[in-house]
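These notes concern the structure reproduced below.
The values are calculated or read from the model by the stated rules, or taken from the named source; none is laboratory data. All values derive from a computational prediction rather than experimental measurement. Cβ coordinates were reconstructed from backbone atoms using ideal geometry, including for glycine residues, and neighbour counts include every protein chain displayed. Heavy atoms of the whole protein, side chains included, go into the accessibility calculation; ligands, DNA and RNA do not. Shrake-Rupley method; radii C 1.70, N 1.55, O 1.52, S 1.80 Å.
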Number of protein chains: 2
Amino acid sequence: MDERWQKSLPVSWKNVRFTGGFWKKRQEINEQVTLPAEYEQCRSSGRVDSVKCIYKPRENSGPEKGVFTIDGVLEENMADGETIPRPHHYWDSDLAKWIEGASYALWYERNPETEAVIDGIIDDFGKLQMPDGYVNTYYTVVEPGKRWTNVHRMHELYCAGHLIEAAAAYYEATGKAKLLDIVERYADHIDRVFGPADHQIHGYPGHQEIELALVKLYRLTGKKKYLELAAYFLNERGKQPYFFEEEARQQGRDPEDGGPKGILGKSFLAQGPYALFQAHLPVREQMTAEGHAVRLAYMGAGMADVASETGDKSLWQACVRLWDNVTSKRMYITGGIGSQDGCERFNFDYQLPNEESYHETCASVAMVMWGFRMLQVAPDRRYGDVMERALYNGVLSGVSLSGDRFFYANHLAAHPEMFRDRIIRNPRMFPERQRWFAVSCCPMNLARLLESLGGYQYTQGKLEDGGQAVYVHLYQEGTADIRVRDKKVVIRQETDYPWQGDILVTVGTDLDGAWTLALRIPEWSGQPVLETEDAEVWEDRGYLYVRKDWSKNGHLHLSLPMQPVLMEAHPGVRMDCGKAAIQYGPLVYCVEEADNDADLFDCILTGDSRLEAGFEESLLGGICTIQAQGIRRNREQWKGRLYQPASRSYFEPVKLKAVPYYTWANRGTGAMTVWMNHIPGMDHGKVDGKYEDKADRGNVN
Amino acid sequence: MDERWQKSLPVSWKNVRFTGGFWKKRQEINEQVTLPAEYEQCRSSGRVDSVKCIYKPRENSGPEKGVFTIDGVLEENMADGETIPRPHHYWDSDLAKWIEGASYALWYERNPETEAVIDGIIDDFGKLQMPDGYVNTYYTVVEPGKRWTNVHRMHELYCAGHLIEAAAAYYEATGKAKLLDIVERYADHIDRVFGPADHQIHGYPGHQEIELALVKLYRLTGKKKYLELAAYFLNERGKQPYFFEEEARQQGRDPEDGGPKGILGKSFLAQGPYALFQAHLPVREQMTAEGHAVRLAYMGAGMADVASETGDKSLWQACVRLWDNVTSKRMYITGGIGSQDGCERFNFDYQLPNEESYHETCASVAMVMWGFRMLQVAPDRRYGDVMERALYNGVLSGVSLSGDRFFYANHLAAHPEMFRDRIIRNPRMFPERQRWFAVSCCPMNLARLLESLGGYQYTQGKLEDGGQAVYVHLYQEGTADIRVRDKKVVIRQETDYPWQGDILVTVGTDLDGAWTLALRIPEWSGQPVLETEDAEVWEDRGYLYVRKDWSKNGHLHLSLPMQPVLMEAHPGVRMDCGKAAIQYGPLVYCVEEADNDADLFDCILTGDSRLEAGFEESLLGGICTIQAQGIRRNREQWKGRLYQPASRSYFEPVKLKAVPYYTWANRGTGAMTVWMNHIPGMDHGKVDGKYEDKADRGNVN
């Protein structure tokens, strides 16, 4: 734990515009297709109208309806005999995420129609707000009078967090404070309800989110109580006696009731039922990342935020410890987390199944959010690299290229027969993108992230010597308007990233004197080449610090050598042993049935296979594909046989074509795999244990 | 479908005795430990007393209790407030299988105590038999008056089948006919209830078993109606309108009610709900093996039996078609079937997961039974080889070497953390042998098979030219008393099989004239060497036919060259691509953590690895172990890293020691795998697609 503190703060998404290239295209689709499609789903499913509080519960209206149909189409959330969908306890969060995403879009291009829709929803929230500030649709109409009685499972604080994030976005985008006023009054209410005093609830959310939202609200309003409330939630978490247990007892519920699927029962998780919520131990005593993955990553983001603002070293150390466990033992090569289907949770170390992975889109979004907050405390490429890895792979695979089909789980391998034969039965797990999910967190989360992505590109802070630094964490064609020492600085990036590693940076400013631009050098990069003049340059923790007077000559050219590389996973990841994956820059690749008529799973990449990258303009929206050589067994030898001596196998050469993982499943349903069988190092001589250490060869294939 | 008909019939288990060697030892443990332990479980769980019909249902006694506890110990099958366990609807079959197994043992060594226990249970069955012949504990005390109302799900005919098999065994072992009388009257009752007449039920069992039992009863009694009833059940099966649907409607049940786990619902199986029971199509129209694996294999056994007795070619062809689908596309290398946990069912072609395999012990038992019946119609080693494969691997792994711990599911790979971390939650799926399972079919089935194994060794029949043939399907130290042309023939085998492939056969007889001994030559064998005198020898479908006058010189020496071989699975078995398994004679091997401190899953067998077999007297009861050379990655290179370029990997040599699969999990809990990563054919030159066809090299490694 030798993390030096070197705080920086984000350059707002408002100040960054993508002017072309990779993300500009994705944002356009997000604005033109994804956000409208999501609104339509919210409308038709009853989410939009739910805030009008027209639902009235009937006597004995029965349990909530099952939320999935076999084809993934939403089954209306109506009990038998009801005509108005019953608001679900997390619907407010879906609307909030949509408002947040749509608000970002408004800033880039004002749209009175969208603005009116948002205003309408906000007004409905305003109307349902109680005199004391409380805002929650579910507890207003479905279980009135029961608020704050099941903080453990009912997502009230989670919904509140998303409303706060929505309010911040809407306020920043439009200058209109009406949602901000609502959530401030709500946050004040929460601040009165929760806390250490005798009359307060000594509790914390069942689903973390509000912690990072409260820090956002603190930064926007300057009101320290929001920061303190965030810290309170984190510090209280996991203390004994357990709040969740106390709460259940007070409400006359059986604390050991496992819920319909038993997932809250004592025996479900080895670490006890509260590990699912990261509430089995105080956060500073949690040594491994357990339980629900999104909850953990949101918690990590909140911990980093609070540590950044308060300077709380022990909180930061706990945060680093969780980050290290996740990223060195429990994360997919795509940056995705939460490999376990049951409970959407972390598995034990190195348990990263490919076909059966859960690897929820939301969890990759959460990794981007968490990594971005880590690097604000300590600029280290290990945070930025993971953020980028999750963004380009685990997040982006969650939406189709068309923008209107989604993955909830993102598998690293797929064999369509698995769901045709009904072995995989849950549409969340289907290897076909779905139009919607009744639990719609993932599409919503992805849309708001993509729309605010500019906000993840730059941070600003002071160096140890007091000098000003602007950090560049992501490379993308676009401009940023920044203020350094109260002078305007415009940073322009020209690049074809992620297809090429050349970045031309132009800094336009009248600001006299030297200040520093710190550029993340991704670990995948070959030896970077920096061209600039009159600069002092040093490297620290994977960032290249370039200090100069930018008003004299604002040009900089950074070249990050990008070559396709065969990657391996740690020997503990038993499902990937003997296998390799192709990576090219930040992009993880996969082979799909659509490009390869071969038996994908029987192909073996030979160590001397040269990987060749080439851009294909007309394929999947324009992508670099990677060609590789491999071998596979001839099936003719196998007619009618299921097992035979290995010596009978006859191999034939096969050409493989890999595409970026995020583009998979856009051409019908077919087999796919990220990890391919691989004969290691055959180009380096015979495998006989006399290998020299090749670590010094660097990472070029 | 060029199956020539060449019928033979089993030499009864009574006439075969193991006098030493591999199976003798297993039978002794079966008699001394397994059968007594199983009786004790039957007693303490209430099964034995259930037949006394002392249970009385209470009003609203609630649903049956869940049958598993987390540690695999039986939870008494009692509803709240009840003090006497409620008989389960398949308990009769457990008792019947125990009686069957214990009866075989009685023949080998009479034991008045055991005989008295069996007599007591039989007397109880006698007392509960209704005047019309009906015998079923569950429907006598739990749902009186409801018999034959849910043939689909309630196992009445399955229990009847097992009672018949028990009766046959007990009669043959003791000469006492009292259980045989009971089951004959019961079979007569069933024959009156089921059939084509208007007043009869046009149905068939939800769980097949009675078909093969009725053929057994027919052979014992000579009463053709039992054979005809078996044929009726098979011929009626799967016809439209569906019996299961009609039955449900008649009883006022919703035919689409999926049951508690939904497994009977319309959408659960792609082929419809009745595919689980092989009742989605008439048996002659079933092109693939679908549904519950044990049911299918029992059905196949019944089909072969009926075809054998009736000469029904189309039934036989359907049977061969199902066999071919199973053995060429849906069977583990251990001879196990039913790879899908949910529903204990077949998966689609080549879907044979290793760690998550179901591969139930019962299903391997059923494969032995089915294979043995196939070879009675057509002596072809493809049937005998599979029978032997299932027996030595999938069946035998189901019981510990100590005889008192059992596997229900038999995995082909295990990582203990999978159940420590509660990813695998069902004790049936634990990679630790359990003392018992509430659903105890597997331990029971295994015990009765092992005890009657002598009955699987020889069959007798006529050749096309009318000559007499005795077939030797299994090799094992022991003697068989056979009658050929009404003269006594004693066949004695001396062999150390399966550790060595030398078999000395001595035939003692006064019978003049030539007759044929047909010896199965397993496919794994190298070129066999036969030494005998004055014989006419020919080979047909993997059997070596040796025709001579055995009274002149009864000696024969057969040598089956046995070498450890690396086996591969068909390229369609994607989980085994790039992997190989060690086989030695009929035994499949595995590597266990107990013998190998290496990361088992990261080890790679190199193509030039010489496999060396050696006998270890003191290990696991005395076994041949196989030593192999491999390589594995050095973990030092990976500290703190989860992914890195493959070029950085540093390999070190590793020695691996493999043990027979059936011996695994006898030394505590640890990792295990049958399939190991494998670099193919590196001894044969560089892998560059220019491989010559090596098929002619035979199967020697």
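Is it true that residue A:151 is crowded, with 21+ Cβ neighbours inside 10 Å, aliphatic (A, V, I, L, M), outside any helix (DSSP H, G or I) and modelled with pLDDT of 95 or more?
Yes.
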Fill in the blank from the handout: Of those in the range A:477-524 that are touching a residue at least 60 places away in the same chain (Cβ under 8 Å) and among the small types (Gly, Ala, Ser), the residue surrounded by the most Cβ atoms within 10 Å (Cβ to Cβ) is A:518
Completion exercise
Inside the range A:1-18, the number of residues satisfying the requirement of being open to solvent by 70 Å² or more (accessible area, probe 1.4 Å) and at pLDDT 95 or above is 1
Practice task
Filter the range B:27-38 down to residues that are open to solvent by 50 Å² or more (accessible area, probe 1.4 Å) and of a type outside the set (D, E, K, R) and give me whichever is farthest from residue B:100 (Cα to Cα).
Solution key: B:32
Exercise for the section: For the range A:613-629, state whether one or more residues are facing chain B (nearest Cβ under 7 Å) and either open to solvent by less than 20 Å² (accessible area, probe 1.4 Å) or of a type outside the set (S, T, N, Q) (or both). Expected result: no
Handout entry: Cβ-Cβ under 8 Å pairs, at least 6 apart or on other chains, the range B:356-373 side over 19 Å from residue B:429 (Cβ atoms) and part of a helix (DSSP H, G or I), far side open to solvent by less than 10 Å² (accessible area, probe 1.4 Å) and of a type in the set (D, E, K, R)
Key = B:373/B:305
Problem - Among (1) away from chain A (no Cβ under 14 Å); (2) under 26 Å from the mean Cα position of the chain (by Cα) - the single one residue B:466 does not satisfy - result: (2)
Completion exercise
residue A:274: passes all of (1) touching a strand residue (DSSP E or B) at 6+ places or on another chain (Cβ under 8 Å); (2) closer than 25 Å to residue A:352 by Cβ; (3) assigned to a helix (DSSP H, G or I) but (1)
Handout entry: Total residues in the range B:154-207, condition crowded, with 22+ Cβ neighbours inside 10 Å and among the hydroxyl-bearing types (Ser, Thr, Tyr)
Key = 4
Fill in the blank from the handout: Filtering the range A:382-408 down to residues that are touching a Phe, Trp or Tyr at 6+ places or on another chain (Cβ under 7 Å), among the hydrophobic types (A, V, I, L, M, F, W, C) and within 17 Å of residue A:660 (Cβ to Cβ) yields A:396, A:399
Exercise for the section: Output yes when any residue across the range A:463-474 is more than 18 Å from residue A:544 (Cβ to Cβ) and surrounded by fewer than 19 Cβ atoms within 10 Å (Cβ to Cβ), and no when none is. Expected result: yes
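Which residues, counting only those in the range B:329-342, are touching a residue at least 60 places away in the same chain (Cβ under 8 Å), open to solvent by 20 Å² or more (accessible area, probe 1.4 Å) and either at the interface with chain A (Cβ under 8 Å from one of its Cβ atoms) or in a helix (DSSP H, G or I) (or both)?
B:329, B:342, listed by residue number.
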Exercise for the section: Keeping to the range B:578-611, report how many residues are charged (D, E, K, R) and modelled with pLDDT of 95 or more. Expected result: 5
Handout entry: Which numbered condition residue A:252 fails, given (1) away from chain B (no Cβ under 14 Å); (2) open to solvent by 60 Å² or more (accessible area, probe 1.4 Å); (3) on the phi < 0 side of the Ramachandran plot
Key = (3)
Handout entry: Among (1) of a type in the set (Gly, Ala, Ser); (2) surrounded by fewer than 23 Cβ atoms within 10 Å (Cβ to Cβ); (3) touching a Phe, Trp or Tyr at 6+ places or on another chain (Cβ under 9 Å), the one test that residue A:307 misses
Key = (2)
Completion exercise
Among the residues of the range A:616-657, the number that are among the small types (Gly, Ala, Ser), farther than 19 Å from residue B:581 by Cα and touching a strand residue (DSSP E or B) at 6+ places or on another chain (Cβ under 8 Å) is 3
Handout entry: Failed condition for residue A:408, given (1) assigned by TED's automatic domain parsing to the domain that holds residue A:546; (2) open to solvent by less than 10 Å² (accessible area, probe 1.4 Å)
Key = (1)
Practice task
Please give the strands (runs of 3 or more DSSP E) falling wholly within the range A:599-665 in which 3 or more residues are charged (D, E, K, R).
Solution key: A:651-660
Practice task
Sort out which residues of the range A:310-328 are open to solvent by 10 Å² or more (accessible area, probe 1.4 Å) and in contact with a helix residue (DSSP H, G or I) (Cβ under 6 Å, 6 or more places away or on another chain), and write them in order of number.
Solution key: A:314, A:327
Fill in the blank from the handout: Residue hits (the range B:633-656; surrounded by fewer than 19 Cβ atoms within 10 Å (Cβ to Cβ) and more than 7 Å from chain A (Cβ to nearest Cβ)) are B:634, B:636, B:639, B:655
Completion exercise
For the range A:551-573, the count of residues that are closer than 16 Å to residue A:331 by Cβ and crowded, with 23+ Cβ neighbours inside 10 Å equals 5
Practice task
Please state which of the following conditions residue B:173 fails to meet, knowing it meets all the rest: (1) outside any loop (DSSP other than H, G, I, E, B); (2) within 17 Å of residue B:304 (Cβ to Cβ).
Solution key: (2)
